[in-house]
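Notes for the one structure printed next.
The values are calculated or read from the model by the stated rules, or taken from the named source; none is laboratory data. Nothing here was measured: the structure is a model prediction, and the numbers come from that model. Methodologically, a virtual Cβ is constructed for each residue, glycine included, from the backbone with ideal geometry; neighbour enumeration extends over all protein chains shown. These area figures cover heavy atoms from the full protein model, side chains too; ligands, DNA and RNA do not enter into them. Shrake-Rupley method; radii C 1.70, N 1.55, O 1.52, S 1.80 Å.
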Protein chains: 4
Amino acid sequence: MSFTHELELRVRYAETDQMGVVYHTNYLVWCEIGRTELIRALTGASYADLEARGVGLAVSELSIRYHGAARYDNRILVRTTLAEARSRSVTFDYLISNAQSNERLASARTVLVSLDEHGKPVTMPVDLRSLLAEAQAKA
Amino acid sequence: MSFTHELELRVRYAETDQMGVVYHTNYLVWCEIGRTELIRALTGASYADLEARGVGLAVSELSIRYHGAARYDNRILVRTTLAEARSRSVTFDYLISNAQSNERLASARTVLVSLDEHGKPVTMPVDLRSLLAEAQAKA
Amino acid sequence: MSFTHELELRVRYAETDQMGVVYHTNYLVWCEIGRTELIRALTGASYADLEARGVGLAVSELSIRYHGAARYDNRILVRTTLAEARSRSVTFDYLISNAQSNERLASARTVLVSLDEHGKPVTMPVDLRSLLAEAQAKA
Amino acid sequence: MSFTHELELRVRYAETDQMGVVYHTNYLVWCEIGRTELIRALTGASYADLEARGVGLAVSELSIRYHGAARYDNRILVRTTLAEARSRSVTFDYLISNAQSNERLASARTVLVSLDEHGKPVTMPVDLRSLLAEAQAKA
């Protein structure tokens, strides 16, 4: 269990574009994998389990700055940090870097809101909230 | 209403890869747009309406041959033909070409099966079947 | 020629996710189509021409807020506005809405920087800069 | 070094569609990762190295049959087999299954042709050819 979670992935050919680098929106897919794995590490449950209980986390806002370019076959490090946990929203920060050179590639932030099966904002399940609160307190 | 349907689209930057051409799986996304628009032209209803009635069409097999390369910003012509309509499956053929040069880029075939909301194979709704059968008879 | 450019597109099945709505990064692909078409409308040239002259525009930062959900087969309106043109960067704002209901779905901003073939920041070609400056002055 | 290569990956949220399963073209992205890793295991070099030497492998034809559905967060096993190595083309077979349940999800075949930097068919580099031939002989 950790407040910051790290994962490594390898750039897929499908993720590149004709500029010879990773197409810019794919970094945000990596962020999603980062927060999924942070939640799994933190709660012992998957985001899929959460959805099965009728709770979804939808991105309500995001921002990203690109500092360098990821390229095909690069090993990428995604560091995801739980920045803020509230009853209906949770904010994650991300630092994406090249795992070999340590070059910083992008920094991002996403705010997610808790939605029920009909897309209405709801408070997060108590067990998830307390785990998030606990993790945040450790910072 | 037509047995063969034509649509034009423009290649998106996001669809390219570092070889400087369209990533190969994106032609299959275009095929999907082709069959969706053929169904709309044929039935006056959208595939979304079909799903709302609890019927999905899932790809059960596909094949594609690549003859040339589509590039960023090219205008692409997708010709979709209803090849065979059966009670539980429907087969479409596709010819993808460069709309300006007429260069043939890819030819593909997909077989789709009719599934209910639980993913079980079912016969297609009678109205869709009769429209497909009628269209096929005109060939 | 216009300072704000509008385009309409239809949501592809491939753009949805299992929440039943458009996957959040795909709105950013639509933004890219928006700025490409604004540049075409403004300059009479395509972004592909620009790249052929050895100049690329790379996203250096972006932010987006989601207000509502786009769904499969929806017709989407993308309004792209040239917010600021500088010698080495250009900023665009986007408003994405449902073209039928007029529901506002997302608002975004991207900053792009001008890069040469080796990925080094360069000033934009004079002709592009003057067209951008002219368009901005009309605001 | 192995004639058949196995890799495991986890389904990303971005890979699902509104049917609640993996969008059908994403299995073909997994196939690409499969053959990339087979080539790395076989040659000790990456496909990126190959491209750096001016040789690309482009998909010239592919076919896939879907037997079951992959779902979000599933662990997926991709078994890639070198089916045939020729001077200008190489054929791979793929078996994609659920790594937990062993359910067979898809079987596919791709034919790739060797292209130079200008997109012209060329014979593959001698060292790659001999490694592929050797691997095939072990079958």
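Things to note:
- Residues that are open to solvent by 30 Å² or more (accessible area, probe 1.4 Å) and farther than 15 Å from C:Val59 by Cβ, drawn from the stretch C:111-130: C:Asp116, C:Glu117, C:His118, C:Lys120, C:Val122, C:Thr123, C:Val126, C:Asp127, C:Arg129, C:Ser130
- Options A:Thr25, A:Thr36, A:Thr16: the member that is open to solvent by less than 30 Å² (accessible area, probe 1.4 Å), without any contact (Cβ under 8 Å) to a residue 60 or more places away in the chain and farther than 30 Å from C:Ala52 by Cβ: A:Thr36
- The residues of the stretch B:1-13 that are among the charged types (D, E, K, R) and either more than 8 Å from every other protein chain (Cβ to nearest Cβ) or open to solvent by 50 Å² or more (accessible area, probe 1.4 Å) (or both), listed by number, are B:Glu6, B:Glu8, B:Arg10.
- Close pairs from the stretch C:72-90: first without any contact (Cβ under 8 Å) to a residue 40 or more places away in the chain, partner of a type in the set (Lys, Arg) and open to solvent by 20 Å² or more (accessible area, probe 1.4 Å), Cβ under 9 Å, at least 6 apart: C:Ala83/C:Arg109; C:Arg86/C:Arg129
- Members of the stretch B:24-55 found to be within 10 Å of chain A (Cβ to nearest Cβ) and under 16 Å from C:Tyr13 (Cα atoms), listed by number: B:Thr25, B:Asn26
- Count - residues of the stretch B:86-110 that are open to solvent by 30 Å² or more (accessible area, probe 1.4 Å) and among the aliphatic types (A, V, I, L, M): 2
- For C:Val21, the criteria (1) touching a helix residue (DSSP H, G or I) at 6+ places or on another chain (Cβ under 8 Å); (2) within 14 Å of chain A (Cβ to nearest Cβ) hold in every case but one, which is (1).
- Tallying residues that are surrounded by fewer than 20 Cβ atoms within 10 Å (Cβ to Cβ) and in contact with a Lys or Arg (Cβ under 6 Å, 6 or more places away or on another chain) within the stretch C:62-84 yields 3.
- Restricting attention to the stretch C:5-64, the residues that are in a helix (DSSP H, G or I), of a type in the set (A, V, I, L, M, F, W, C) and either closer than 30 Å to A:Lys120 by Cβ or under 17 Å from the mean Cα position of the chain (by Cα) (or both) total 12.
- Considering residues of the stretch C:65-98 that are farther than 30 Å from D:Gln18 by Cα and part of a loop (DSSP other than H, G, I, E, B) only, the residue nearest to the other protein chains (Cβ to nearest Cβ): C:Arg88
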